[in-house]
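In what follows, a structure is listed as structure tokens, so that the remarks can point back to it.
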Amino acid sequence: QVQLVESGGGLVQAGGSLRLSCTASGRTFSSRTMGWFRQAPGKEREFIAAITSSGASTHADSVKDRFTISRDNAKNTVYLQMNSLKPEDTAIYYCAAKTPFHPYDSWGQGTQVTVAS
């Protein structure tokens, strides 16, 4: 497992942008698949995006063309650039890590994103 710490959340107006960061401890970051999830009040946790160690990424349809996941292995950090934010994007955002073909086994504490209409 790795220790994950998210940052960058906050309050933003609809149509605005935020960039979330998730920094990992340990030496295995570069080999991990990293993901972003979110959970809104009263809703199930939702997959947002993931990026493999080689940089291949996938995004949920709900955020495609608005959110972009990226990583900087030299900084042990994964990012989520969020543009054109909508009130329905309001949630706690979590980053997670896993080894390929296994479930996510490391989770951050989450960062709150609130989008005002």
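Assuming charge only on the beta carbon of Lys and Arg (+1) and of Asp and Glu (-1), the dipole of the chain about its Cα centre is about 240 debye to the nearest 20. Applying D = kT/(6 pi eta Rh) to the chain, where Rh is the Kirkwood radius over alpha-carbon pairs, T corresponds to 25 °C and eta to 0.890 mPa s, the Stokes-Einstein value obtained is 175 µm²/s.
Using a probe radius of 1.4 angstrom, the carbon and sulfur fraction of the accessible surface of the chain is 50%. Per residue, the convex hull spanned by the alpha carbons of segment 50-97 comes to 82 Å³. Simple spin-label estimate for Ser54 and Gln3 gives 3.2 nm between the two label positions (7 Å along the Cα-to-Cβ direction from each Cα). Partners of Lys64 within straight-line reach, counting lysines whose Cα lies under 24 Å from its Cα and excluding those fewer than 8 residues away in the same chain: Lys43, Lys86, Lys98.
The values are calculated or read from the model by the stated rules, or taken from the named source; none is laboratory data. These numbers come from a predicted model, not from an experiment. No Cβ is skipped: glycine too gets one built from the backbone with ideal geometry, and neighbour counts run over all protein chains shown. SASA here: full protein model, heavy atoms, side chains in, ligands and nucleic acids out. Shrake-Rupley method; radii C 1.70, N 1.55, O 1.52, S 1.80 Å.
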